Amino acid sequence: RMQAELLAERLEPEGVRVAWGMRYGSPSIADAATELMKAGCDRILSMPLYPQYSATTTATANDQLFRFLLKTRLQPAIRTLPPFADDPVYIEALAETLNAALTGLGETPQMVVTSFHGLPNDYVEKGDPYRAECVRTVEALRRRLSLNEERMPMTFQSRFGPAKWLEPYTAPFIAGLPAKGIRRVAVMTPGFMTDCLETLDELGNEVKEEFLAAGGEELTLVPCLNASAPSINLLTYLARKQMQGWI
């Protein structure tokens, strides 16, 4: 909500109305679209806030919007935000957030683990580009920070059920680091634009406890972009880019 309010402060003076809705929860995506249409908006940009595309995230958010539009007699023109996995402005926002989180630490972490929400392997085998999108993000961030794969590995969290999910799995990967001499790590989650309670608990509590129990000394959980200045700069940039010709 705060992201939407700050984005509105940037865009509403330019004649752009901003509304927000959630894929799961209230207000819904339909509520947001209704609000905009009642305000007279006949051109709507839908911005699913998932940097990396997946049929389970970006696509389902778009699906919800179009399910709503199926019931309308007068549909607005619609544009949808494409994924921005390696957009330079997004990568810069991640770099700024990471550097800010590490400022003031007693010692620099020996490794920065990038952890993305997992996905069953068979989704990718059927054509979901999610893993490739995550790779694009991490490779771009490594270039920006001059880090190699050893210093900035990529892992996947939040798996459940008996099926094979994308690997390596975050929890056992991090728990195994002290045995390799890695006792100070930072963990960031570039797949989320805002902090997720499930992830905060999983990484900030469960994984951290396993890491410390295995001999680790310090695990720093890097916050997501949230409503920071880099985040609002990114959203403003993405919105203006996609609305070219409309405003």
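A compact table of results
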quantity: Cα→Cβ-extended label distance, 7 Å offset, between R240 and D195, nm; calculated: 2.9
quantity: Subset of K208/K241; K38/K241; K164/K208 violating a 28 Å alpha-carbon distance limit; calculated: K208/K241
quantity: Residues with amide H under 5 Å from that of C196, placed H, sequence gap 5 or more; calculated: none
quantity: Angle between the chain longest axis and helix 229-242 axis [Cα atoms, degrees, rounded to 10]; calculated: 40
quantity: Cα-centre dipole for the chain with unit charges at Cβ (Lys and Arg positive, Asp and Glu negative), debye to 20; calculated: 760
quantity: Net charge dipole size for region 93-180 [Lys, Arg +1 and Asp, Glu -1 on Cβ; Debye, nearest 20]; calculated: 40
quantity: Positive dipole terminus of the chain, leading residue within F173, L7, N99 (C-beta point charges); calculated: L7
quantity: For the chain, the longest site-free run once chymotrypsin sites (Phe, Trp or Tyr not before Pro) in DSSP loop states with at most 14 other Cβ atoms within 10 Å are removed; calculated: 25-159
quantity: Charge-dipole axis of region 56-174 as Lys and Arg at +1 and Asp and Glu at -1 on Cβ define it, positive-most pick from T58, P88, S158; calculated: T58
quantity: Amide H partners (placed H, <5 Å) of H117, local residues excluded; calculated: Q157, G191
quantity: Distance in nm between pseudo-label sites at D42 and E210 (7 Å out along the Cβ direction from Cα); calculated: 5.5
quantity: Rounded tilt (10° steps) of 2-11 against the dominant C-alpha axis of the chain; calculated: 50
quantity: Under 5 Å, built H, 5+ apart or other chain: amide partners of W165; calculated: N121
quantity: Reach of K180 by Cα under 17 Å, taken over aspartates and glutamates that are not fewer than 8 positions away in the same chain; calculated: E149, E150, E210, E217, E218
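FYI, it's all coordinate maths here, none of it is from the lab. Being a predicted model, the structure only gives us computed values, none of them experimental. Positions of Cβ are generated from backbone atoms using ideal geometry, with glycine treated the same way; all protein chains shown enter the neighbour counts.
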